[in-house]
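Undergrad: First, the structure itself, so that you have it in front of you.
The numbers here are math on the coordinates, done by the rules we state, and not lab data. Model, not experiment: these values are computed from the prediction. A quick note on method: Cβ atoms are made from the backbone with ideal geometry, for glycine too, and the neighbour counts reach across all protein chains shown.
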Amino acid sequence: MSKGDIRALVVDDSEFFADMTAETLSQEHDMEAVSVHSGTEAAERLAEEEFDCVVSDYEMPEMDGLELLSAVREDDPSLPFILLTGRGDEETASEAINAGVADYLLKLEVVEDKQYGRLANRIESVVEQDRTRKKFESLVANSPDGIAHLTGKGVLLSANPSMADWLGTTPEALSGERLTDVMDTETARRRVAAARKAIEDGETVETTDSLDGRHYQNQFVPVESHRQRATVQLVSRDVTEQIERQQELERQNERLEEFASVVSHDLRNPLNVADSALELLDVDDDDDLVGKIDRSLDRMGEIIEDVLTLAREGRAVDEPEWVDIGTLAEAAWADVETEEATLSVAATGEMEADPTRARDLFANLYRNAVEHNDCPVTVTVCDFEDGFYVADDGCGVSDGSSVFEMGHSTADDGMGIGLAIVAQIADAHGWHLELTDSDAGGARFEITDVARRE
């Protein structure tokens, strides 16, 4: 905020002082200052025009500074008001503060010591505080979260419209009510206990609970205040839809894994029978046929494992942990038959991930690079924006639009599951996955939206 954004009204029965003060604030401190010469005239200007602050003399005929403040408060309870007085006694200061002035200055200090810069800074300070408060109040009033000001005994001092809507009433009706009287008693008692703990510990307390079939995440934030009673700000967020989606996802994952396990079990039994029967066959005259059958049985076993992996990798990541990217990338290289390929890891720092599944992501990207290039490749892992990338110097991908789809493969013996698994792992972490060309002309897989730290 600049002082040029401030419009101030200067009120003093001394025309000389009012005009000089307004002129000095305007010319030397970049404010728009207007002068008037009585409390009555000030009230009239305030009724017709918008001002950010009032600077008023205390002792004026007809209407003094505090009487003007009282009149202003009837129309605008929060307009910043600075009082200038010739008396510096404690009684006057106390009376001014109790009346609700934003600040209090000695008039002689401003006039004789020419401390207009001090006055300008006070004006800027109280206006900035007022604008910040109004912005906060607007955010609270329009927030979809339920927000309430609560004492340690569970008395509601205020509540925003969202909180009132959830409780089937209005913000005005909630003021002064006990939490135990406006919601389920047991839930209210737990919330009051959390509020009391936040006040006692001086730290934010977080809880989750349910009310009328809805699920909420709550924060109880201690409020620093000059009030005698300690209070908290309660911020309650309705997370019903997220919880229901998570529960549905968990049910889907359970059904998918159960299906995959049943299928693999039912396939493994006849597969094992066929494999045992093949060993007992006397087919010395047709080694090629035996080799084809043996390779087919091995491939069926691999398919079973891939189906199980695919089912398991689709699950959401519930408890990620911080893992070193470089260490994980190098460890995954050992999981792949890399032949003559080489690995270069330049990524540093840590990321938040499920280490086992993130290692599978690296391994499948390595396997894709090795198996889809005829010549030995160099695979590189590097930092990238809010994530990392895995690139190779191979022949690249001709059609990148469908590589992450199930069944897409350019290898003769590929099932097209590897990159689908990569996509599922990335999605389970909430990461964004994209395929582009590497600087060397090969494939480059960029993984972003990753929580990182050095």
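Undergrad: Going by average Cβ density within 10 Å per residue, which order do the peptides 441-448, 319-326, 128-135, 96-103 take, highest to lowest?
TA: Ranked by mean Cβ neighbours within 10 Å, highest first: 441-448, 96-103, 319-326, 128-135.
Undergrad: Okay, moving on. So what is the relative contact order for segment 143-238, in percent, with contacts set as C-alpha pairs under 8 Å and at least six apart?
TA: 29
Undergrad: Got a sec? Charge dipole of the chain, +1 on Cβ for Lys and Arg, -1 for Asp and Glu; which of 296, 246, 138 is way out at the positive end?
TA: Result: 138, furthest along the dipole toward the positive end.
Undergrad: In nm, what is the difference between 0.36 nm times the number of residues separating residue 170 and residue 184 and their Cα-Cα distance?
TA: Between residue 170 and residue 184, full extension yields an extra 3.3 nm.
Undergrad: Sticking with this structure for a sec: How tilted is helix 15-29 with respect to the longest principal axis of the chain? Cα atoms for both, answer in degrees (0 to 90, nearest 10).
TA: Orientation of helix 15-29: about 20 degrees from the principal axis.
Undergrad: For the chain, take the longest principal axis of its alpha carbons; what is the angle in degrees between that and the long axis of helix 355-371, to the nearest 10 within 0 to 90?
TA: Helix 355-371 sits roughly 50 degrees off the main axis of the chain.
Undergrad: Expressed in nm to one decimal, what extension gain is obtained for the pair residue 7 and residue 203 from 0.36 nm per residue of sequence separation less their Cα-Cα distance?
TA: 66.6 nm
Undergrad: May I ask you to list the residues of segment 353-374 whose amide nitrogen lies under 15 Å from a point 7 Å from Cα along the Cα→beta-carbon direction of residue 319?
TA: Answer for this model: 353-357.
Undergrad: Follow-up. So, by mean Cβ neighbours within 10 angstrom, what's the order for 52-64, 358-370 with the highest one leading?
TA: Ranking, from highest mean packing down: 358-370, 52-64.
Undergrad: Now, a different point. For residue 396, which sequence-distant residues (separation of 5 or more, or a different chain) have an amide H within less than 5 Å of its own amide H, given hydrogens modelled in the peptide plane?
TA: 443
Undergrad: Further, regarding this structure: Rounding to the nearest 10 and keeping the result within 0 to 90°, find how far the Cα-based axis of helix 185-201 lies from the longest principal axis of the chain.
TA: For helix 185-201, the angle is close to 70 degrees.
Undergrad: What nm distance separates the two modelled labels at residue 434 and residue 254, each placed 7 Å from Cα along Cα→Cβ?
TA: If labels sit at residue 434 and residue 254, their model points lie 3.8 nm apart.
Undergrad: Additional query: For the pair residue 133 and residue 344, what calculated FRET efficiency results from E = 1/(1 + (r/R0)^6), where r is the Cβ-Cβ distance and R0 = 60 Å, to the nearest 0.05?
TA: After rounding to 0.05, the efficiency reads 0.60.
Undergrad: Considering only DSSP beta bridges where both residues belong to the chain, give the percentage that are antiparallel (nearest 5).
TA: Antiparallel bridges make up about 70 percent of those DSSP assigns within the chain.
Undergrad: Would you kindly give the portion of the calculated P(r) for segment 143-238 that falls above 24 Å, as a percent of all Cα pairs?
TA: Summing the P(r) of segment 143-238 above 24 Å gives 10 percent of all pairs.
Undergrad: Counting only C-alpha contacts under 8 Å and six or more residues apart, can you give the relative contact order of the chain as a whole percent?
TA: 7
Undergrad: Let me ask something else. Given charges of +1 on the Cβ of Lys and Arg and -1 on the Cβ of Asp and Glu, with all other atoms neutral, how large is the dipole of the chain about its Cα centre, in debye to the nearest 20?
TA: Charge dipole of the chain: 1900 debye, to the nearest 20.
Undergrad: Related question: Note down the magnitude of the dipole of segment 3-139 about its Cα centre, charges +1 on Lys and Arg C-beta and -1 on Asp and Glu C-beta and zero elsewhere, to the nearest 20 debye.
TA: Its charge dipole is roughly 620 debye.
Undergrad: Search the structure for amide H atoms under 5 Å from the amide H of residue 386, placed 1.01 Å from N in the peptide plane, and list their residues when 5 or more places away or on another chain.
TA: Close amide H contacts, sequence-distant or interchain: 449.
Undergrad: Per residue and in Å³, how big is the convex hull formed by the alpha-carbon atoms of the chain?
TA: Cα-based convex hull of the chain, divided per residue, equals 235 Å³.
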